[in-house]
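Okay, so here's the structure we're looking at.
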Amino acid sequence: MNNLSNIAELAAFCVDSGQFVITGSQGLAKLVSDTGEFKDKRKPMHVDGREIDKKYLRNWQAPAIDELSLNELEDQGLLDMQLLPLCEELSLQGACDTTLYKPNGAGIIENSVASCTHYGDGRFTVLGNENSLMVYTGFVQDFNLNGKLEQIGVMDVDGPVYVIDPCYRNAQFGAEIKSLEHGVYGVYLYTCGDVQTHNGIVLTK
């Protein structure tokens, strides 16, 4: 299953919103035509049931309720951070909901993969061969091909694959990969080096 031993660098892409999407032609078309804006799905509540104004999510140090900030409420066990229903469609909102609120900051949306980088913004590398693809977003010193793979789903590849930050909504800012054979690929979180969170996404047969 691990076909990473002979992968080579295929392309690079840039991230400006701390996340990326791996998708096909139809998914790319949906992302670049999406006109929606991100809405924070967190809903801060006091444990006694009182709702806290969402504006305080932008400043956790400002007094929000009972002269206590969100930081102080959290420290005192008085903050109940709830979530509004998440978007399950391939879009900027759907990608953000997946990378911000779902376990591991990654998941499958409409035969596409959304993942946070865990390591901020920048220029990242896409590696692969005819039956594997890796998007590596970690530090150079941590990179190796002997990392841990944890499957989170599958993706059906029937044409070119694109890797793009969904905030750009412009195909020219993504990477186009044409080398993958058609077929069903396992989607894996990839973790290598001395880190606790995944620093790559792997598609492999």
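Of note:
- Counted by Cβ distance under 13 Å from Gly159, the other residues give a net charge of -3, where Lys and Arg count +1 and Asp and Glu count -1.
- Those GluC sites (Glu not before Pro) in the stretch 101-205 that DSSP places in a loop and that have at most 12 other beta carbons within 10 Å: Glu130, Glu181
- Whole-Hz ³J(HN,Hα) from phi, Karplus 6.51 cos²θ - 1.76 cosθ + 1.60, for the stretch 94-107, glycine and proline x: x, 5, 4, 4, 5, 7, 8, 10, 9, x, 6, x, 7, x
- Three-way shape call for the stretch 88-205 based on the alpha-carbon gyration tensor, with the a/c threshold at 1.5: rounded
- Dividing the alpha-carbon radius of gyration of the stretch 1-92 by the rule-of-thumb value 2.2 N^0.38 Å gives 1.63.
- Pairs of Lys residues in the chain that lie 8 or more places apart, or on two chains, and have C-alpha atoms under 27 angstrom apart add up to 21.
- In this Cβ point-charge picture (+1 for Lys and Arg, -1 for Asp and Glu), the stretch 77-159 has a dipole of about 320 debye about its Cα centre.
- Globularity ratio of the chain, using Cα Rg and 2.2 N^0.38 Å: 1.13
Every number in this text was worked out from the coordinates using simple rules, so none of it is lab data. Note that the structure is predicted; figures quoted are calculated from it, not measured. Cβ coordinates were reconstructed from backbone atoms using ideal geometry, including for glycine residues, and neighbour counts include every protein chain displayed.
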